[in-house]
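Here the structure comes first, spelled out in structure tokens, and everything after it is commentary.
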Amino acid sequence: MAISYSVIGSGMQGTAGGYYLARFGNASKVIMADIKLEQAQRAAAHINKLLGKEIAFAQKVDASSPSDLHKLMSSVQAVFSATSYEFNLALTQAAIDAGVHLVDLGGNTDVVWSQLKLHELALTKKISIVPDCGLAPGLGNTLAALGISELDQCDDAQVRCGGLAQKPRGPLDYKLVFSIKGLTNEYFGKANILRDGKITTVNTFDELETLDFDAPVGRCEAFVTLGGTSTAPWTFQGKVKNYEYKTVRYPGHYTKMKCMLDLGLLDTTPVNVNGQMVAPRDVFHAVVPAKIDFPEDKDLVVLRATCKGTKGGKQTTITYDLMDFQDDKTGFTAMERTTSFPAALVLIHCAQNRAKPGVVPLETAIDNASYLKELVESGIAIKRRVF
């Protein structure tokens, strides 16, 4: 049976998600919604051009308007939220009211906990709502959950992920692949992990390590950042001893960012500058993006989930490795592909009644093995290794 979808937020991630739904989701239509109608129209036109048919349609929608959301959701069966996480709780309530499936790209674990409190209401409508379905949080936790399930006993689960330029260059050995505010928010705060069987809060931008990936990436560094674990530490408490997440960058990035941090250039407390109170981080947000945007440079994404434990009485390590590159044919970046495609596939599972009903954490929402098989078949290469 054909399924009608909508995407709320028709920017880069929303367009990629809408394309995936239209191509792989047995879609009858995909409504691309945005507060800016022109943006929605561009997204729909791009999808239709890529697929050679009129399947995507534009609609102006204000995600903060209950009436707009009701009108949109009443016309479809499943909704993809690619807008800011601050709207996701209201979108969850609207989806329950309309009786439609919903996934979102998440980004704030506190919002996810609020969404999960609506589980019983969603159950009454026999719908599935799955938060935090992007890349990290998102696919990384799905792969870790799969690795955990394949071991008789899992002691350690580690997720490492990074969006990188295909060819690094200064000044930060980094290419901006999403919001600069999102970047600094992830870097500086507190992260929740599972350590020695206990939920533990640790400092972000800490616990630096080195690791190696296949060519052409090679050696990288990784450090603790905010939000990548989502609800997984609580889900796996009592089953796994340690569960943690770190962000991957090219060597040297950490030292440069730490220097700015130590100098106070990333502080959020305003200081007096010629009679004006200015937060140093606001200046950083205003000045830096243009210096590290590099719009002509192509990107890549690396993701590794490593699960260590025992299987059949033997010490066993299972790893899932993803390395994805910008796609010249569709124009989608690696970050768009690896964030929106996995989330869109979760929504397809929801729409096909293959996900658990209610508001459910991603790591337990679907059959992770069949999901991975379908994701790989749709063009996201992931290698499994056992040793």
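The values are calculated or read from the model by the stated rules, or taken from the named source; none is laboratory data. The model shown is predicted, which means the values in this text are computed figures rather than measured ones. Counting neighbours? That spans all protein chains shown, and the Cβs are built from the backbone with ideal geometry, glycine included. For accessibility, only protein heavy atoms count, side chains too; no ligands or nucleic acids. Shrake-Rupley method; radii C 1.70, N 1.55, O 1.52, S 1.80 Å.
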(message) For the chain, set up a GNM with springs between Cα atoms under 10 Å and report which of N274, N353, N48 has the largest fluctuation.
(response) N274
(message) From the phi angles alone, apply the Karplus equation (6.51, -1.76, 1.60; θ = phi - 60°) to the range 158-175 and give each ³J(HN,Hα) in whole Hz, x where the residue is Gly or Pro.
(response) 10, 10, 10, 8, x, x, 10, 6, 5, 10, x, 8, x, x, 10, 6, 7, 10
(message) Tell me the carbon and sulfur percent of the accessible area for the range 1-49, rounded to whole percent, probe radius 1.4 Å.
(response) 55 percent
(message) Which one, M12, M257, M73, has the greatest fluctuation when you compute a Gaussian network model over the chain with C-alpha springs under 10 angstrom?
(response) M257
(request) Using label points projected 7 Å from each Cα along Cα→Cβ, tell me how many nm separate V202 and S75, to one decimal. (result) 4.8 nm
(request) Report, to the nearest whole %, how much of the accessible area of the range 146-248 belongs to carbon and sulfur atoms, 1.4 Å probe, protein only. (result) 46 percent
(message) Per DSSP helix of 4 or more residues, -39500 (n - 2.57); summed, then divided by the residues of the chain. What does that give at 222 nm, rounded to the nearest 500?
(response) -10500 deg cm²/dmol
(request) Note down the relative contact order for the range 1-157 as a percent, whole number, built from C-alpha pairs under 8 angstrom at least six residues apart. (result) 18 percent
(request) With θ set to phi - 60°, apply the Karplus curve 6.51 cos²θ - 1.76 cosθ + 1.60 along the range 305-311 and write out the HN-Hα couplings as whole Hz, x wherever there is a Gly or Pro. (result) 10, 10, 10, 10, x, 10, 8
(message) Give the average over all directions of the projected area of the C-alpha convex hull of the range 238-387, one decimal, in nm².
(response) 14.6 nm²
(message) Compute a Gaussian network model of the chain, connecting alpha carbons closer than 10 Å, and tell me which residue from T235, T319, T15 fluctuates the most.
(response) T235
(request) Only loop residues by DSSP count here, and only those with at most 14 other Cβ atoms within 10 Å; note down the trypsin sites (Lys or Arg not before Pro) in the range 14-47 that meet that. (result) K36
(request) Convert each backbone phi in the range 320-328 into a coupling constant with the Karplus relation 6.51 cos²θ - 1.76 cosθ + 1.60 (shift: θ = phi - 60°), then list the ³J(HN,Hα) values in order as whole Hz, x for Gly and Pro. (result) 10, 10, 10, 9, 10, 10, 3, 9, 5
(request) Compare the peptides 86-94, 53-61 by average per-residue count of other Cβ atoms within 10 angstrom and give them in order, highest first. (result) 86-94, 53-61
(message) Within 10 Å of each candidate Cβ there may be at most 14 other Cβ atoms; applying that plus a DSSP loop requirement, which GluC sites (Glu not before Pro) in the range 191-232 survive?
(response) E207
(message) Quick check: convex hull of the Cα atoms in the range 1-144, volume per residue, rounded to a whole Å³?
(response) 107 Å³
(message) What number comes out for accessible area per residue over the range 190-319 if the probe is 1.4 Å? Units Å², please.
(response) 49 Å²
(message) Can you give me the C-alpha center-to-center distance between the range 117-137 and the range 368-387, rounded to a whole angstrom?
(response) 23 Å
(request) With an 8 Å cut-off on Cα pairs and a minimum separation of 6 or more residues, tell me the relative contact order of the range 216-298 in percent. (result) 21 percent
(request) Taking the Cα centre of the range 79-191 as origin, sum charge times position over the Cβ atoms of Lys and Arg (+1) and Asp and Glu (-1), and report the length of that vector in debye to the nearest 20. (result) 480 debye
